[in-house]
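One structure is given here, and the rest of the page talks about it.
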């Protein structure tokens, strides 16, 4: 832990505020405050080996008000949304959705350490906001060029194979109601979820 | 004919064309009528939720609102793609669980003159519809070319059996639905221990090394069971295991060569479709050997498929815990 | 408008006007912290004087002897004929204040409690509005008490016999205590033998004394005691009556063995050709015959024929047992028998069921051969069990070199049971010790929190630590046979987060033992209904008071003991069995029981004989008198629940102490309608 907590130590209310904020910004009822630190999530996670903190530790950090450390963690970005932890959690914490919340908060606070994952999500979102559909060719080329230039040759050969099997197109498809979707998303961006 | 609304999702348009083609090919024979929602948009996959919450749910909400508007008789929306299925179901569920989310989403939808009442659409996966609405008996009746001799690893991945807000599946860890369907098709179904484990999801894009390990575990387990083919219900699983199988082999120095097919493709073969009509030929790891197996061993509907060898009972061995309702036909 | 009050025969001869004293309790700061007690008292003095209040006081602790003296003194000095105590819930101190009134010469039923703690101060924070609500509650109580009639308690005799249901250690203990005191006991057990779960165990924690060695002497005593009638292979079908006077109907299931002829020699079991997996006593790990006694020390020693599995009953031939029985005791013609017994009290000690670990699919029980349940493991370690006490894998021969023991399977988990099963930590420690002692294998215990809070329990934990058992703090995520690499081939892999190391671990072992939760019996809610008691939402029987009356229930004369009320270890179970016996002996000693005079009464002139009420009574207290065409209520059976009062379409049934007039007057008082100028003055009944 090389960063100071976001709030003065000893100020319990301020510590709790980060937990409350994460809860409020999570889609369903997060139940984050119910965590008993049993480790079911960290034990279940198929990608735990690559995480800097297990989900359980991350929840302890959130409780401790360690805002910056928590938002800098790579854990939410490694989460593969397999929902094993969610169905096994003895306290029914909405773990996967808390991970989504932490990602969006990290992007807002610009606290992520590796930009690969946030960029991938952002590129994906850009495609969707432009066309209303995902566009894999555009996504893959933009993403691989930026983040894995060395892997480009093997990716390209795979891409050609995909193209030849008609599993990829070089032209995106745009939905008819793009203006409507645009209006909805623009309005949505002005809204926030509060408790 | 049972009518349903269909949300195909982006993958089925291009990457998982085999899934779409096979669904469309078996739809009629199975007595299904799937009406595509007009001008649907992307569900946001696993990406949009991590960027901005209200827009992500508004994006899904538009599809639900369109489906509700188009609902004509059927209010059941079928989503064959796991991520789409989960996102649609999740938005519907959370809009009910946290009413403030529902209000916000509808505020956004109002900007496009749309509205969605949470709970007014039922989101279901195609496999669920096939098992519970069409029924295994009806499917079995239509099987003309049983897949005798084909060893199949049933693979559901994550987002269909979990988190399962509406308790539609027999289990979160070891659901039996796909196994039962494949057995009815005449295939030899292995008890695949990783049937609901992760394929790597988007990690193939953002942390390939993490993804390769997850892919390796699945291929390794299927190989240990000598599976001829892995049957999946999800475009993402299919893509990761199929398109990245070569990369995984290079990464670990392994030589797996297991074809990954959609379960609807196997249904198609069993119903007597030819390989092309069932969407074969688009897979990166060729399914030719697997197809040969069924080809050289002609189907015999009378003979039940062998379901693995059972070791001779040792007189000293202790009994296994008995499973109520598990004896005999487990349908 | 308040209803006029009938009659006028006052006790105090002041023209029928009641003389009421109101006492406001501070309950320390429990009430006074939220309710302005001075304001409340002066308001009562001023505004309720017209309603008959002649004195009002407030005091720090009304329930103290000084507080009670205050009331007694006022009864004498102010010639009070009614008392209202505004304090806690009547559940707590109604008896205290009614007794104080009786000592001061006032009929106890002329004293009412107004609950301004549970219903006011504890549930509100704003003083002003809480005080207003308290005024309303007191005003209602004043109107009600003015209309109370003096009542006399009922006395009923107590039958000296007791019914004990469940022959586990709790039931055995209760039965022995009562029998030793010289009173008859019927001990009913649904299995063929008494002994319960304790008979399945090998060792008991933390002392590791042999379970059978300490249990079987008790079983033998219970089986041979002159005051105990043992009814095994039997179930209670029906219970009628009330405290002191219950009638129970018991089904004695057909044993197909004539116990007068049977010597318990065991030849029939030897000769029976049908082997059946024993899912009860051997927890599914071993076999028995279709005719069997569950274990050698069974009490009684007579076997039973498992009818659904017996070849003769299935195919119509075999009769091997009959052929070989030296005394001709086999009787295939036997049928279920019903016996009816009269008892004064009932003790329910029906025990628990083990959680089915198959429900936690990710632990693989039932799918992975070498995953065992805790009861299976108990049987395996038992020297009389299927492996003669040897710890081996499912193949029946291979000794494990590493064993993982998983705590909290089905406990402390919202997907299954929220509660802690309380015994599993100690049980798992015992297992670890036994594995070490008998196999020398490496042992891992996976726990969330180590809970060892009884005498010598934590010392046992220390001992197991010393023996080298490895403890991993983390709830196990999954048990799998899907090996990821060569080190895992052929093993069961326990995947968990080691939360103290902060890292995910995969630990290959040969054997996994699941310490499964204790659950209420599957039929606990039907049993509760049959005996007129209640179950929690989980299914455990509910105590009258969880701390101060843990073995009584809300139904007088029905007591509960052991795991039927919640998970417990053996010492606590035995203590409860003895405690229930003490409560029963108290009633027997008294010879008769005083009963609350709150009863329903039929006003015969108004009864149309429609019989709507007849079947509604939960206590079977209502009889239809055919020749007169009216319904009557037996005051000894009636518990005053009020169901019939509400159901009667003619308004012909009145609850003593809860007449329409009393209830309506109390409501008017709550709404402060009694303060309106038009309100009719209260006068005594």
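If you count, for each residue, the other Cβ atoms within 10 Å and average over each peptide, how do A:142-151, C:288-297, C:39-48, C:108-117 line up from highest to lowest?
Working: A:142-151: 14.3, C:288-297: 21.1, C:39-48: 18.4, C:108-117: 24.5.
By packing density, highest mean first, the sequence is C:108-117, C:288-297, C:39-48, A:142-151.
Nearest 10 degrees, 0 to 90: what angle lies between the long axis of helix C:424-439 and the longest principal axis of chain C (Cα atoms)?
Relative to chain C, helix C:424-439 is tipped by roughly 10 degrees.
Whole percent per 20 Å bin, from 0 to the bin with the longest distance: what is P(r) over all C-alpha pairs of the protein assembly as shown?
10, 29, 32, 24, 6, 0
Report the convex hull volume per residue for the stretch C:172-259, counting only C-alpha atoms, in Å³. Can you show the working numbers first?
On the way: hull volume 11.4 nm³, N = 88.
Taking only Cα atoms, the stretch C:172-259 has a hull volume of 130 Å³ per residue.
Zone of residue C:414 (label point 7 Å along Cα→Cβ, backbone N under 17 Å): which residues in the stretch A:28-60?
A:28-42, A:56, A:59-60
Once fully extended, how much extra length lies between residue C:220 and residue C:671, figured as 0.36 nm per residue of separation less the alpha-carbon to alpha-carbon distance?
Fully extending the segment from residue C:220 to residue C:671 adds 155.9 nm.
Quick check: the angle from helix C:211-224's long axis to the longest principal axis of chain C, C-alpha only, nearest 10 degrees?
Roughly 60 degrees, rounded to the nearest 10.
How large is the Kirkwood hydrodynamic radius of the stretch C:424-552, in angstrom, based on all distinct alpha carbon pairs?
17.7 Å
Going by average Cβ neighbours within 10 Å, how do the peptides C:475-482, C:128-135 rank, with the highest at the top? Walk me through the numbers before you get to the answer.
Working: C:475-482: 24.0, C:128-135: 19.2.
Top to bottom by mean Cβ count within 10 Å: C:475-482, C:128-135.
Using 7 Å Cα-to-Cβ label points, what is the residue C:46/residue C:287 separation (nm, one decimal)?
Spacing of the two 7 Å Cα→Cβ label points: 9.0 nm.
Let me have the 222 nm mean residue ellipticity of the protein assembly as shown computed from DSSP H runs of 4+ only, each contributing -39500 (n - 2.57), with the sum over all residues rounded to the nearest 500.
The helix contribution divided over the protein assembly as shown gives -10500 deg cm²/dmol.
Cα-Cα pairs above 16 Å in the stretch C:69-109: how many percent?
27 percent
Starting from the Cα of residue C:641, step 7 Å along the direction of its Cβ; do the same at residue B:255; then give the gap between the two resulting points in nm.
About 7.8 nm, to one decimal.
Counting other C-beta atoms within 10 Å, which of B:251, C:537, C:183 has the fewest, and how do the rest follow? Mind dumping the intermediate values first?
Working: B:251 16, C:537 7, C:183 20.
Ranked by crowding around the Cβ, least crowded first: C:537, B:251, C:183.
Post the alpha-carbon centroid distance, the stretch A:130-189 to the stretch C:152-193, in whole angstrom.
With the stretch A:130-189 and the stretch C:152-193 each reduced to a Cα centre, they are spaced 78 Å.
For chain B, modelled as a Gaussian network with Cα springs under 10 Å, which listed residue fluctuates most, B:225, B:192, B:252?
B:252
Using a 10 angstrom cutoff on alpha carbons, build the Gaussian network for chain B and name the most mobile of B:202, B:167, B:220.
It is B:167.
Binning at 5 Å from 0, report for the stretch B:22-136 what percent of all alpha-carbon pair distances ends up in each bin.
Pairs per bin, as whole percents: 2, 12, 22, 24, 19, 10, 7, 4, 1.
What does the structure give for C:392-399 when I average, per residue, the other chain Cβ atoms found within 10 Å of the residue Cβ?
Mean inter-chain Cβ contacts per residue within 10 Å come to 3.
Please average, across the residues of A:127-140, the number of beta carbons from any other chain that are within 10 Å of each residue's own beta carbon, and give a whole number. Kindly include the intermediate steps, with their values, before the conclusion.
On the way: counts 3, 11, 4, 0, 3, 7, 7, 13, 3, 6, 1, 0, 2, 1.
Shielding by partners across A:127-140 averages 4.
Starting from the Cα coordinates of chain B, work out the convex hull volume and express it per residue in Å³.
For chain B, the hull spanned by Cα atoms encloses 151 Å³ per residue.
Using a Förster distance of 51 angstrom, determine the FRET efficiency expected from the C-beta separation of residue C:180 and residue A:17, and round it to 0.05.
0.20
Work out, step by step, the length gained on full extension between residue C:437 and residue C:99: first 0.36 nm times the residue separation, then minus their alpha carbon distance; give nm to one decimal.
115.6 nm
Per-residue Cβ counts within 10 Å, from other chains only, averaged over C:364-372: what number is that? Kindly include the intermediate steps, with their values, before the conclusion.
Values: counts 3, 3, 5, 6, 2, 4, 0, 2, 2.
Mean shielding by partner chains, rounded to a whole number: 3.
Express the C-alpha Rg of the stretch A:114-158 as a ratio against the empirical globular expectation 2.2 N^0.38 Å, rounded to two decimals. Each step should come with its number before you reach the end.
Values: Rg = 10.8 Å, N = 45, 2.2 N^0.38 = 9.3 Å.
Ratio of Cα Rg to 2.2 N^0.38 Å: 1.16.
Go ahead and run the numbers for FRET between residue C:261 and residue C:589, Cβ-Cβ distance against an R0 of 41 Å, rounding to 0.05.
On the way: r = 41 Å, r/R0 = 0.99.
Computed FRET efficiency for residue C:261 and residue C:589 comes out at 0.50.
Quick check on the protein assembly as shown: of the DSSP beta bridges with both residues there, what percent are antiparallel, nearest 5%?
Percent antiparallel among DSSP bridges in the protein assembly as shown is about 45.
Considering only DSSP beta bridges where both residues belong to chain C, give the percentage that are antiparallel (nearest 5).
Antiparallel: roughly 50 percent of the beta bridges in chain C.
Cα centroids of the stretch C:467-525 and the stretch C:579-620: how far apart, whole angstrom?
Result: 54 Å between the Cα centres.
Taking neighbour Cβ counts within 10 Å as the exposure measure, how do B:12, C:548, B:194, A:16 sort from fewest upward? Kindly include the intermediate steps, with their values, before the conclusion.
Working: B:12 23, C:548 9, B:194 20, A:16 15.
Going from sparsest to densest Cβ surroundings: C:548, A:16, B:194, B:12.
Highest GNM mean-square fluctuation, chain A, Cα pairs closer than 10 Å: which of A:107, A:95, A:160?
The residue with the greatest mean-square fluctuation here is A:160.
According to a simple spin-label model (label point 7 Å from Cα along Cα-to-Cβ), what is the distance in nm between residue C:123 and residue C:467?
Taking the two extended label points, one gets 5.2 nm.
Residue C:489 to residue C:614: FRET efficiency via 1/(1 + (r/R0)^6), r the Cβ-Cβ distance, R0 51 Å, to the nearest 0.05?
Calculated transfer efficiency: 0.10.
Just how far, in whole angstrom, is the stretch A:21-67 from the stretch C:327-399 if you go by their alpha carbon centroids?
40 Å
With equal scatterers on the alpha carbons only and no solvent term, can you work out the Debye log10 of I(q)/I(0) for chain C at 0.10 1/Å?
-1.04
With only alpha-carbon atoms counted, please give the Rg and Dmax of the stretch C:546-653, in Å.
Radius of gyration, then largest Cα-Cα span, for the stretch C:546-653: 19.1, 58 Å.
What Rg and what Dmax come out for the stretch B:57-104 when only alpha-carbon atoms are used, in angstroms?
Final numbers for Rg and Dmax: 10.9, 29 Å.
When only alpha-carbon atoms are used, what values of Rg and Dmax, in angstrom, describe the stretch A:50-147?
When restricted to the Cα atoms of the stretch A:50-147, Rg and Dmax are 14.9, 43 Å.
May I ask for the angle, rounded to the nearest 10°, between helix C:169-180 and the longest principal axis of chain C, with both axes built from Cα atoms and the value confined to 0 to 90°?
60 degrees
Determine, for each peptide in C:593-599, A:81-87, C:468-474, the mean count of other beta carbons within 10 angstrom over its residues, then list the peptides with the highest first.
Numbers: C:593-599: 17.1, A:81-87: 24.1, C:468-474: 18.9.
So the order, starting with the most tightly packed, is A:81-87, C:468-474, C:593-599.
Only the coordinates and a few stated rules stand behind these numbers; no lab work does. Keep in mind that this is a model prediction, so the values were computed, not measured. Glycine gets a Cβ as well: all are built from the backbone with ideal geometry, and neighbour counts include every protein chain shown.
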